[in-house]
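J.: Once you've had a glance at the structure underneath, I'll fire off some questions.
The values are calculated or read from the model by the stated rules, or taken from the named source; none is laboratory data. None of the values given here were measured: they were computed from a predicted structure. With ideal geometry, Cβ positions are generated from the backbone for all residues, glycine too; neighbour counts draw on all protein chains shown. Ligands, DNA and RNA are excluded from the accessible area calculation, which covers all protein heavy atoms including side chains. Shrake-Rupley method; radii C 1.70, N 1.55, O 1.52, S 1.80 Å.
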Amino acid sequence: MKRRLIVLMAAAVSAVAALAPTAADAVSRDSGPVAATCAAVPVSAPSGTKVESVKAVANAGGTVTFPAAPPLHPQEETLTDVPAWCDFTVTVSHPGANDHVNIKISLPQDRENWTGRFQALGGSAYLAGDFSGSSLVGAVKAGYVAAATDAGVGANPLDVSGWALTPAGKVDTPLLENFASRSLHDMAVIGKDVAKRFYDRPVSYAYWNGCSTGGRQGYAEAQDHPTDFDGILAKAPAINWDRFAVATLWSQAVFTEEKVAPTPCELAAFNTAAVKACDTLDGVKDGIIDDPRECHWDARRLAGTKIDCDGKKITISRATADAVRKIWAGPVSSSGRRLWYGPNKGASLDALATPGTPFTVADSWVKYFVKRNPSFDTTKLTYTSFAQIFRASQLRFNDVIGTDDPNLSAFAKAGGKLLSWHGQNDELVPTQGTIAYRERVNRVLGGNKRVDDFYRLFLLPGVNHCAGGPGPYPTDDLGALVNWVEKGQAPATLAASASGPGGETVTRDVCRYPMVARYTGHGDTASAANYRCVTA
């Protein structure tokens, strides 16, 4: 499961529009002359943030190769036709926090290669920002000044053991605050200031771009620092962190209480059956559940069914079927009250529902932050202990990292635009949490129509966490956001495409929430031209 999570996170980083963070040891070939203007500049920081050092490194352009850097970058990456660029590393601290935060800013050396845009790039899992891949330089190639931060918590997306707890065994609150939000604002202010000093003119437009943790970070900026960015692209956002990061361990409690341990083959059989039952609810047979909320197929219907698993015949037990039903339904309290959402039918259950192998991000959250005990065994959760941990996480951490304040009025007033999407096959972050947040914003700020003026959500059928899956994936979501911010062209749809089962290209115009795309009944079902947006 950890290997699967690593692959997913790598996809998340590469999915940041081919425009996410930089490798200091990148190798350049076919390079031209390097401009001599790459030198340290004085840097202004927000109140309460102290600049410790500023370093500048000139980089030749041309063909640039980034060595493999597992786990996020298991393979070498190469970019061509990169202009010469400058990397600034600004190290800051916060009095009393005992922290050292690195912010990397990459800039085209020739001002003619700069569009005037600034792009901050988000992280993945427990990584606040990625310095090891091609993304920062990819953004430079696209004409941006790009930035990322490590929040002072290091570069390992899966291991928090080096920073989560103090030597006394308490949560390191300053570092958690850095990871949750503080370092994002520092990066925005410092990144734009470096650009202004480097080019002797201010940034024209500032953008956020991130998925998963990066998506949550984008929402945090809209909520906490509404003037930092003109446009925020937040994908598969891990918002509601204090709840989602416990709720995704619900399966372990179910397995303990129901005394079952379904195999991967059995779990896959439930999704196969659900897709078969609900595939054509949208009028098209394509192997995708278009809107999982409309799929009411009951997992208990598979009880007694014989399936072939690795050459062996297995009969699905009633207990296993009921366990899967409970996992899909999501966690509940002892009184039966819904606590949070489960994964959508159609989304792989491998990551969130493998017996004895809890979801890594959630496992670390409970061990280090909620229980403050790295030896705590989340595979032995019961319904009672799960509910206790869920409540404790809410009480202690909602204000720190919940990222669920629905009052976006200041962001709207500042003219900001939030473009967000979430895959309906997301196997790590339940899609319903994002929908619930959007509905709360609607209630607070006057309804869907008013909120659409500054915040648009798109639900992508068949798309996994940040990338992958059988469904069409956005072809230029960042471009759609730029057009909205700079030209006032609010996206009614997001253009998306995928390869069909026969290798054909499948296109869709994904409709903005709460609308959905429906086949007109005429023409090729693989063509976006034959669908229209209707109210769900």
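J.: Of a type outside the set (Ser, Thr, Tyr), open to solvent by 10 Å² or more (accessible area, probe 1.4 Å), touching a residue at least 60 places away in the same chain (Cβ under 8 Å) and in a loop (DSSP other than H, G, I, E, B): is that true of ASP426 in this structure?
T.: no
J.: Suppose the filter is more than 20 Å from the chain's Cα centre (by Cα) and assigned to a loop (DSSP other than H, G, I, E, B); does ALA268 pass it? It would help to see each step written out before you state the result.
T.: Values: more than 20 Å from the chain's Cα centre (by Cα): yes; assigned to a loop (DSSP other than H, G, I, E, B): no.
Criteria not met by ALA268.
J.: Just to verify a result, which residue in region 393-409, among those that are open to solvent by 50 Å² or more (accessible area, probe 1.4 Å) and in a helix (DSSP H, G or I), is nearest to GLU177 (Cα to Cα)?
T.: Out of the qualifying residues, it is ASP399.
J.: Kindly check whether there is at least one residue in region 159-170 that is in contact (Cβ under 8 Å) with a residue 40 or more places away in the chain, out of contact with any Asp or Glu (no Cβ under 8 Å at 6 or more places or on another chain) and of a type in the set (S, T, N, Q).
T.: Yes, that holds for at least one residue.
J.: To continue, here is another question. For the list (1) open to solvent by 30 Å² or more (accessible area, probe 1.4 Å); (2) free of Cβ contacts under 8 Å to residues at least 24 places away in the same chain; (3) of a type in the set (D, E, K, R); (4) touching an Asp or Glu at 6+ places or on another chain (Cβ under 9 Å), I need the number of the one condition that ASP279 fails.
T.: (1)
J.: Right, something else. Go through the residues of region 162-182 one by one and say whether even a single one is over 23 Å from LYS371 (Cα atoms) and crowded, with 24+ Cβ neighbours inside 10 Å.
T.: Looking through region 162-182, at least one residue is over 23 Å from LYS371 (Cα atoms) and crowded, with 24+ Cβ neighbours inside 10 Å.
J.: Tell me the residue from LEU457, LEU418 that is open to solvent by less than 10 Å² (accessible area, probe 1.4 Å) and without any contact (Cβ under 8 Å) to a residue 60 or more places away in the chain, please.
T.: Matching residue, one of LEU457, LEU418: LEU457.
J.: Being buried (at least 19 other Cβ atoms within 10 Å of the Cβ), at pLDDT 95 or above and part of a loop (DSSP other than H, G, I, E, B): is that true of VAL16 here?
T.: Considered against the rule, which asks whether it is buried (at least 19 other Cβ atoms within 10 Å of the Cβ), at pLDDT 95 or above and part of a loop (DSSP other than H, G, I, E, B), VAL16 comes out as no.
Let's see how each residue does on (1) surrounded by fewer than 24 Cβ atoms within 10 Å (Cβ to Cβ); (2) among the β-branched types (Val, Ile, Thr); (3) within 19 Å of the chain's Cα centre (by Cα); (4) assigned to a loop (DSSP other than H, G, I, E, B):
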position: PRO95; (1), (2), (3), (4): yes, no, no, yes
position: PHE131; (1), (2), (3), (4): yes, no, yes, yes
position: ALA139; (1), (2), (3), (4): no, no, yes, no
position: VAL145; (1), (2), (3), (4): no, yes, no, no
position: LEU158; (1), (2), (3), (4): yes, no, yes, yes
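J.: When region 282-305 is examined, which residues are found to be outside any loop (DSSP other than H, G, I, E, B), farther than 25 Å from ALA536 by Cα and either open to solvent by 40 Å² or more (accessible area, probe 1.4 Å) or small (Gly, Ala, Ser) (or both)?
T.: We begin by selecting, within region 282-305, every residue outside any loop (DSSP other than H, G, I, E, B); these are 282, 292-294, 299-302.
Narrowing further to those that are farther than 25 Å from ALA536 by Cα: 300-302.
Listed by number, the residues that qualify are ARG300, ARG301.
J.: Something else: For GLY468, state whether it is surrounded by fewer than 21 Cβ atoms within 10 Å (Cβ to Cβ), at pLDDT 95 or above and at positive phi.
T.: yes
J.: In addition: Has region 497-520 got any residue that is open to solvent by 50 Å² or more (accessible area, probe 1.4 Å), farther than 27 Å from CYS295 by Cα and modelled with pLDDT of 95 or more?
T.: Taking every residue of region 497-520 in turn, none turns out to be open to solvent by 50 Å² or more (accessible area, probe 1.4 Å), farther than 27 Å from CYS295 by Cα and modelled with pLDDT of 95 or more.
J.: While we're on this one: Looking at ARG197, ARG201, which one is within 30 Å of VAL153 (Cα to Cα) and among the basic types (Lys, Arg)?
T.: Numbers: ARG201 fails: within 30 Å of VAL153 (Cα to Cα).
Of the residues listed, the single one that is within 30 Å of VAL153 (Cα to Cα) and among the basic types (Lys, Arg) is ARG197.
J.: Does region 313-360 hold any residues that are more than 18 Å from ARG301 (Cβ to Cβ), hydroxyl-bearing (Ser, Thr, Tyr) and assigned to a loop (DSSP other than H, G, I, E, B), and which are they?
T.: Scanning region 313-360 gives SER333, SER334, SER335, TYR341, SER348.
J.: Identify, please: which residue in region 361-378 is open to solvent by 20 Å² or more (accessible area, probe 1.4 Å), out of contact with any strand residue (DSSP E or B) (no Cβ under 8 Å at 6 or more places or on another chain) and assigned to a helix (DSSP H, G or I) and is, among those, farthest from CYS265 (Cα to Cα)?
T.: LYS367
J.: Please tell me if VAL153 is at pLDDT 95 or above, in a loop (DSSP other than H, G, I, E, B) and open to solvent by 10 Å² or more (accessible area, probe 1.4 Å).
T.: yes
J.: Here are some residues: ASN530, ASN448. Which one is free of Cβ contacts under 8 Å to residues at least 40 places away in the same chain and surrounded by fewer than 22 Cβ atoms within 10 Å (Cβ to Cβ)?
T.: Unique residue meeting the criteria: ASN530.
J.: Considering only residues that are surrounded by fewer than 21 Cβ atoms within 10 Å (Cβ to Cβ) and of a type in the set (Gly, Ala, Ser), look in region 471-496 and name the one that is farthest from ALA142 (Cα to Cα).
T.: ALA492
J.: Tell me which residues, restricted to region 136-185, are over 17 Å from LYS367 (Cβ atoms), among the β-branched types (Val, Ile, Thr) and in contact with a helix residue (DSSP H, G or I) (Cβ under 7 Å, 6 or more places away or on another chain).
T.: VAL145, THR149, listed by residue number.
J.: Something else: Being at positive phi and surrounded by fewer than 24 Cβ atoms within 10 Å (Cβ to Cβ) is the filter here; which residues of region 187-223 pass it?
T.: ASP200
J.: While we're on this one: Are any of the residues in region 339-349 among the aliphatic types (A, V, I, L, M), surrounded by 15 or more Cβ atoms within 10 Å (Cβ to Cβ) and touching an Asp or Glu at 6+ places or on another chain (Cβ under 9 Å)?
T.: Checked against the condition, which is being among the aliphatic types (A, V, I, L, M), surrounded by 15 or more Cβ atoms within 10 Å (Cβ to Cβ) and touching an Asp or Glu at 6+ places or on another chain (Cβ under 9 Å), region 339-349 yields at least one hit.
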